[in-house]
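Input: a single structure, listed below in structure tokens.
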Amino acid sequence: MGTCVKATFDGVHVRLGPEGKSLYEQSGYGRPEGDGLRLAPEEALYLLHRGRIEVPGHTFDSLLATLAARSNCMRSFLVYRDIRERGYAVQTGPHDFRVFRRGQRPGRGPSQYSVSVVSERDLVVFEKVVGEVSASQNIRKQHVIAAVDDENELTYYEVKIKALEGGEGGEGRPDLAGELVGRYAIVHTAGASLPGGWGMQLDPGRLVLSPLEILCLMRSGHLALAENGRPVDIGEFSKLARESDVEFPEKLAVYEDLRGMGYVPRTGYKFGHHFRVYTGRKPHSEMLVQALPRSASLPMSSISRSVRLAHSVKKKMLFACVHNGGILYVEFARIKL
């Protein structure tokens, strides 16, 4: 369609008359309204920028300035333009945009992506993200976060609630007895190697267990621990561990959950996260996992660093959200649309 279609603007909506209906029928712009078409702000800006419509009394700059009362209008327009110019049909909603498969458009095929737009400085609230991703997955859409940085460059992240398949390395839970030394335990192994990747081998006959390992084994009945000849109480040791680590409750819940699925979680300190996780199928760890309370929020810039680091060491980046109903593993991964 080479002609420029004249639009009307009432200060809120941009509308086209019957002559604009072909924009919807051919390319999926707007939503039919009576005999004409109602355009979302991003659609109107894009079509005006491309010279496809005319808005009397407005240039692109003045219409953008008028619509910029919406705090994220510029970001949304940049994302809309980028996706359109990649060859996709786009409509607003149910989050910010829904994106159709290449060659498809509204009424002629299903959408593929649900897209949310954020800035690099926005706080990502994980409870909200879990709800959005669940909604997208329930209607069989890929959930994508489009992050716009301070120089208006775009990065796309696919976000999934990950159903972990289970590992093959963490099933073994030996029955052990040990001595509490501060927040650690010394366990005598008589030179035998232990299954399941537990502890740090101090020497051929002794193993050092961390607080997470101690509580996981004690709570499952596989570790008897004493201090100065007296049995160690689980509750007292748990309190001791929490005093020196404010994140300990979430870390313990995730550690036990991963162990219960057959994974071997080890400290992820050198990667800047709580755990590096072994599946038992490969000699190296395959995931980085950060334990979070359900109410947690992180800046998008922090999530970006985590994903980039995980990608650089060939691991998946998962955020484990702890709440009363269990633990949800939320995976972020950079994608190219």
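Results, tabulated for the structure shown:
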quantity	calculated
For Thr3, Thr66, order by how many other beta-carbon atoms lie within 10 Å, fewest first	Thr3, Thr66
Reachable lysines, given that their alpha-carbon falls under 22 Å from the alpha-carbon of Lys21 and they are not under 8 places away in the same chain	Lys6
Simple Cβ-charge dipole of the stretch 1-70, Lys/Arg +1 and Asp/Glu -1, about Cα centre, in debye nearest 20	60
Efficiency of FRET between Arg183 and Glu85 - r from beta-carbon atoms, R0 56 angstrom, step 0.05	0.50
Structure-based [θ]222 nm, the chain - -39500 (n - 2.57) summed over DSSP H runs of at least 4, per residue, nearest 500	-8500 deg cm²/dmol
Gain on full stretching of the segment that runs from Ala163 to Glu247 - 0.36 nm per residue minus C-alpha separation	27.9 nm
Test item: Cα-centred dipole of the chain, Lys/Arg +1 and Asp/Glu -1 on Cβ, debye	980
Karplus-derived HN-Hα couplings along the stretch 19-35 (A = 6.51, B = -1.76, C = 1.60, θ = phi - 60°), whole Hz, x at Gly and Pro	5, x, 4, 5, 4, 6, 5, 8, 10, x, 7, x, 10, x, 9, x, 8
Label point distance in nm, Phe60-Lys282, each placed 7 Å from Cα along Cα→Cβ	4.4
Under the span-like rule (Cα at least 20 Å along the axis, Kyte-Doolittle mean at least 1.6), DSSP H helices of the chain	none
Paramagnetic reach from Thr267 (point 7 Å along Cα→Cβ, amide N under 18 Å) across the stretch 279-317	285, 288-291
Flagged links, alpha-carbon separation over 27 Å, of Lys162/Lys251; Lys239/Lys314; Lys128/Lys336; Lys141/Lys251; Lys128/Lys282; Lys160/Lys239	Lys239/Lys314; Lys141/Lys251; Lys128/Lys282; Lys160/Lys239
Hz values of 3J(HN,Hα) by residue in the stretch 316-333 - Karplus curve (6.51, -1.76, 1.60), Gly and Pro given as x	7, 9, 10, 10, 9, 9, 9, 8, 4, x, x, 10, 10, 9, 9, 9, 10, 8
For the chain: relative contact order, % (alpha-carbon pairs under 8 angstrom, 6 or more apart)	13
Amide H contacts of Gly30 (H built 1.01 Å from N, under 5 Å, at least 5 apart or other chain)	Ala40
Extreme residue, positive dipole direction of the chain, given options Gly262, Leu180, Gly30 (C-beta unit charges)	Gly30
Distance (nanometres) between label positions extended 7 Å along Cα→Cβ at Val12 and His311	4.1
Interchain or long-range residues, amide H under 5 Å from Gln112's placed H	Val99, Phe100, Arg101
Whole-Å distance, taken between Cα centres, linking the stretch 1-78 and the stretch 174-209	68
Rg ratio (alpha-carbon, reference 2.2 N^0.38 Å) - the chain	1.34
Ordering of 219-228, 317-326 by burial proxy (mean other Cβ atoms within 10 Å per residue, highest first)	317-326, 219-228
Computed P(r) (all Cα pairs; the stretch 170-245; 10 Å bins; percent)	20, 57, 23, 1
Nearest-20 debye value, the stretch 185-337 charge dipole, Cβ charges on Lys, Arg, Asp, Glu	880
Residue order, fewest to most beta carbons within 10 Å, for Phe237, Phe126	Phe237, Phe126
FRET E, pair Arg140, Asn72, Förster distance 22 Å, beta-carbon r, rounded to 0.05	0.25
Modelled label reach - Ser220, point 7 Å along Cα→Cβ, the stretch 247-266 residues with backbone N closer than 15 Å	252-266
Estimated distance in nm for a label pair at Ile335 and Glu236, the labels positioned 7 Å out from Cα along Cα-to-Cβ	5.3
Euclidean distance of C-alpha centroids, the stretch 310-337 and the stretch 121-136, integer Å	13
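Coordinate-derived values only; no laboratory data. As the structure is a prediction and not an experimental result, all values here were calculated from the model. A quick note on method: Cβ atoms are made from the backbone with ideal geometry, for glycine too, and the neighbour counts reach across all protein chains shown.
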